[in-house]
């Protein structure tokens, strides 16, 4: 232990150490790069998993860390997808990287404006208002036939080559995969930095005890609105990536099914854990794929049974189960 560590209080030392990179943290990225080389014929499902992870990270920021209960997070996903899709489809702007920035700005502004209103409420009221907000945007996409394509969506979203060199190929999505992986890495660094910052610590405090945070003088509502805005921007980027990689946009980006799916992923992997989004997304996509093969007409039954078991017997998802197992093993080792 260094002299600097000795001079720190235990709380400050613990907070400082949490910023440090753990030995296992590069593993998901090594696996993702390995997947690119080992399974070139399955890069399509790989890109979908990566987009889902980024979307789940954005939800985990508001739900897992700030404690904002929402069932309408797909509103930001859809806004990002339609922002990129409409600009490209109508020939206004189709550059991919700047398109992500535009999607983030559009979704972030909507997150700021809606957060100022919605975050005045809590609990079931907030849950229903976020759901209504998403459904209103879905109906707006349905009615905006001229720009959004209405119910049929936008069947073609032409995207320029990345940096003018790497063109998207729908049949061989190798460029899409690496492009989305790089964006996911940047998004993860942003979320990780926020979570381990004093701002992130205050969000956790708000989640655990809002009244106490008010008592110590923390600007609770302001920080929740900022968190909601950042989360919306990240979800907008995920939606833009979905539109760019699939080369089309439809109303499913605003659907309740998408909002519920990402919530299930967070519950399955473990909320408020950063890597819970990774574990949950991979587990959900893999289970959905193989259960649909085994029982195409009722594959959701098996997934539902698993989720019930997770909710009843596992504390905080798969990562929570892993933590409990590690704790028991350590207890046995140090025991008599």
Legend entry - Over the chain, relative contact order from alpha-carbon pairs under 8 Å, at least 6 apart, %: 30
Inset, instruction - Please sort 73-81, 39-47 by packing, taking for each peptide the average over its residues of neighbouring beta carbons within 10 angstrom, highest first. - result: 73-81, 39-47
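Rounded, prolate or oblate for segment 95-179? Axes are the square roots of the Cα gyration tensor eigenvalues, ordered a ≥ b ≥ c, and the cut-off for rounded is a/c under 1.5. Mind showing how you got there, number by number?
Values: a/c = 2.69, a/b = 1.83, b/c = 1.47.
Cα axes put segment 95-179 in the prolate bin.
At a 10 angstrom cut-off on C-beta neighbours, averaged per residue, how do the peptides 142-154, 277-289 rank from highest to lowest?
Values: 142-154: 15.2, 277-289: 20.3.
Most protected by this proxy first, the peptides run 277-289, 142-154.
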Legend entry - Ordering of 55-63, 268-276 by packing [mean C-beta count within 10 Å, highest first]: 55-63, 268-276
Inset, instruction - Along Cα→Cβ, 7 Å out, is where each label goes; now give me the distance between the ones at residue 324 and residue 132 in nm to one decimal. - result: 3.8
Legend entry - Nitroxide proxy distance, nm - points 7 Å out along Cα→Cβ at residue 120 and residue 209: 2.9
Inset, instruction - Only Cα pairs under 8 Å and at least 6 apart count here; give the relative contact order of segment 125-210 as a rounded whole percent. - result: 9
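Could you list 137, 97, 256, 129 so that the one with the fewest beta carbons within 10 Å of its beta carbon is first and the one with the most is last? Write down the numbers at each step before the final one.
Numbers: 137 22, 97 11, 256 14, 129 19.
Result, fewest neighbours first: 97, 256, 129, 137.
Any chance you could run the full-extension gain for residue 41 through residue 98? It's 0.36 nm times the residue separation minus the Cα-Cα distance, nm to one decimal. Mind dumping the intermediate values first?
Numbers: separation 57, 0.36 × 57 = 20.52 nm, distance 2.90 nm.
Between residue 41 and residue 98, full extension yields 17.6 nm more.
Using the alpha carbon gyration tensor of segment 222-326, what are the three equivalent-ellipsoid semi-axes (square root of 5 times each eigenvalue), largest first, in whole Å? Please report the intermediate quantities before stating the final value.
Details: eigenvalues 125, 94, 26 Å².
Each semi-axis is the square root of five times an eigenvalue, giving 25, 22, 11 Å.
In µm²/s, what is D for the chain at 37 °C and 0.692 mPa s, where D = kT/(6 pi eta Rh) by Stokes-Einstein and Rh is the Kirkwood radius from Cα pairs? Don't skip to the answer; put the middle values down first.
Numbers: Rh = 21.1 Å.
Translational diffusion coefficient: 156 µm²/s.
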Legend entry - Largest to smallest principal axis extent of the C-alpha atoms in segment 100-250, angstrom: 56, 36, 20
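Taken together, the values in this text are just the output of simple stated rules run on the coordinates, not laboratory data. Small disclaimer: the values here were computed from a predicted structure and weren't measured. Using ideal geometry, Cβ is built from the backbone for each residue, glycine included, and neighbour counts are taken over all protein chains shown.
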